[in-house]
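The values are calculated or read from the model by the stated rules, or taken from the named source; none is laboratory data. The structure displayed is predicted, hence computed values, not measured ones. Cβ: placed from backbone, ideal geometry, glycine included. Neighbour counts: every protein chain shown.
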Amino acid sequence: MPTPTRLLAATMTAAACLAATAVPAVAAPDTDAVVSRGVTIPTFYNPPAALPAADGALVRSEPLPLALSLPGLDGPLPGTATRLMYKSTDSAGQPAAVTGAYIEPTAAWTGGGARPLIAVAPGTMGQGDQCAASLGLERPLLVNGQTLSVGYEDLAIYRMLARGIAVVVTDYAGLGATDRLHTYVNRVDEAHAVLDAVRAARSLGGTSLTAASRVGLFGYSQGGGATAAAAELQPSYAPDVTLAGTYSGAPPADLAAVTEAIDGSDLAGALGWSVNGFMQSDPELKPIAEAHLNAAGKAALQDLSTMCVGDALLAYNSARSTAWTTDGRSISDIVQAEPALKAFLADQRIGTLEPASPVRLATGTADDLVPHAQARALAVAWCAKGADVSYRPVVLPSVGRALLNHFAPLLTDQGDAIAWLADRLTGRPATSNCPALPLLP
């Protein structure tokens, strides 16, 4: 019988073949459908008027066809997917519909005990509903002349499934679900969405999960910030979700530092997503921000609100926010000068609370997009609070492009990160290296 590694390789080969095919836009099936940049969002993603009271409660579910799937003796490889919509609570304390997907692996779990679960918090996908990670499982490459979206989280997800680990992936608040704009890098919204995804997966019928299933969190970049925040907020928000371990890769823990770094970078479009998300999170910030934006800035933010990463890389590569403001100041300078904006960013700071479970924090030493120094500072802050932290600097040379410096550690460290989480899911204790942190880069 083929090993999980060979099955994964075969499946990813199929992925490469499939990814070469552009996915055309589909005509809207009815008047309730939402179309974003020529892509029809399935009506499943339209939230109902009323949501359940309990966080993590399932709103609806349906089978999700995996684009990258092969037949196997024990069922489709790597598994069987279910599209989810579940209830969460946003940073304003209001109910929010969040979408995502659960994948039941075909491979057996051999680590002992009940089959475990990993909640995957995706990295930056964009702000258009068509960019949602759950849709990326169904169509890993979306190219239609108006949008370009790549489901790059699929690789990590498939590696977990090959180990027999069940996976639930969240789309976050407002990404996929069509009733609001995605609140990009809002730590509370993202943490709640991750933790509630675990609750939703547990309540889904017909899975192999049990009350004894251990739970881990996995995320890089935006996802690393989401899992870091989730690890901090779990004791207060989700005491019923005991975590065996959390992987946080390249977390944007200090948004003031990250905002300055991404301005003028390859992924400058993320600056627009951040501002859009802040205004969605707190409507009182909108008139303050808009007073500083010129016509070009307002048009850019509107444009970016429907874009995926690929679109932003093409349209806003190296853009500078000084071209978006009325007086030519950067958005970072304006934030520092406006007390309400400065306070909002300060409230997004990750590292003020102690995670109650082991965390593996990895950051590329050459990362200048989500700066290495602020990610390392998060590890220092957690260690000072007594947290169980495994800090891993990924030492790679700078290649001169911020996006490559940021994403190279994702691929370089991914296997080790998943292996570390798998060890936690077997019950093996973690080893903190906080005492050695001053000696590490």
Per the filter on the stretch 136-161, residues farther than 17 Å from GLU104 by Cα and touching a residue at least 60 places away in the same chain (Cβ under 8 Å) are ARG139, PRO140, LEU141, LEU142, VAL143, ASN144, GLY145, GLN146, THR147, LEU148, SER149, VAL150
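Looking at the stretch 203-225, can you tell me whether even one residue there is in a helix (DSSP H, G or I), closer than 28 Å to ASP367 by Cα and aliphatic (A, V, I, L, M)? Talk me through it step by step, then tell me what you get.
Initial filter on the stretch 203-225 (in a helix (DSSP H, G or I)): 203, 222-225.
If we keep only those that are closer than 28 Å to ASP367 by Cα as well, we get 222-225.
With aliphatic (A, V, I, L, M) added as a condition, the list becomes none.
Scanning the stretch 203-225, I find no residue that is in a helix (DSSP H, G or I), closer than 28 Å to ASP367 by Cα and aliphatic (A, V, I, L, M), so the answer is no.
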Tell me whether the stretch 2-24 contains one or more residues that are within 24 Å of VAL194 (Cβ to Cβ) and either among the polar types (S, T, N, Q) or at pLDDT 90 or above (or both). no
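Residues are listed down the side, and each one gets a yes or a no for (1) surrounded by 19 or more Cβ atoms within 10 Å (Cβ to Cβ); (2) touching a Leu at 6+ places or on another chain (Cβ under 6 Å); (3) within 21 Å of MET125 (Cβ to Cβ):
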position	(1), (2), (3)
ARG60	no, no, no
PRO63	no, no, no
GLY72	no, no, no
PRO76	no, no, no
ARG83	yes, yes, yes
SER88	yes, no, yes
GLY93	no, no, no
VAL98	yes, no, yes
GLU104	yes, no, no
Among (1) modelled with pLDDT of 95 or more; (2) of a type outside the set (Phe, Trp, Tyr); (3) under 30 Å from LEU345 (Cβ atoms); (4) surrounded by 13 or more Cβ atoms within 10 Å (Cβ to Cβ), SER36 falls short only on (1)
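So which of ARG320, ARG349, ARG329 is basic (Lys, Arg) and closer than 30 Å to GLY386 by Cα?
Selected residue: ARG349, the only one of ARG320, ARG349, ARG329 that is basic (Lys, Arg) and closer than 30 Å to GLY386 by Cα.
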- Message: Against the condition surrounded by 20 or more Cβ atoms within 10 Å (Cβ to Cβ), among the acidic types (Asp, Glu) and farther than 26 Å from THR178 by Cβ, how does ASP367 come out, does it pass?
- Response: yes
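Matching residues to (1) part of a loop (DSSP other than H, G, I, E, B); (2) at positive phi; (3) at pLDDT below 95:
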residue	(1), (2), (3)
THR40	no, no, yes
PRO48	yes, no, no
ALA53	yes, no, no
GLY56	yes, yes, no
VAL59	no, no, no
GLU62	no, no, no
SER88	no, no, no
THR99	no, no, no
TYR102	no, no, no
Considering residues that are crowded, with 17+ Cβ neighbours inside 10 Å and of a type in the set (Gly, Ala, Ser), the number found within the stretch 393-429 is 4
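On the given criteria, is LEU204 buried (at least 24 other Cβ atoms within 10 Å of the Cβ) and among the aliphatic types (A, V, I, L, M)?
So LEU204 does not fit the description; no.
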In the stretch 260-297, anything more than 20 Å from GLY174 (Cβ to Cβ) and of a type in the set (Ser, Thr, Tyr) is listed as SER265
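Taking the options SER281, SER332, SER274, SER318, name whichever one is under 30 Å from ALA362 (Cβ atoms) and surrounded by fewer than 16 Cβ atoms within 10 Å (Cβ to Cβ).
SER318
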| message | Among the residues that make up the stretch 202-217, is at least one of them under 27 Å from ASP388 (Cβ atoms) and among the β-branched types (Val, Ile, Thr)? | response | yes
Going through the stretch 126-158 in order, the residues found to be surrounded by fewer than 24 Cβ atoms within 10 Å (Cβ to Cβ) and among the β-branched types (Val, Ile, Thr) are VAL143, THR147, VAL150
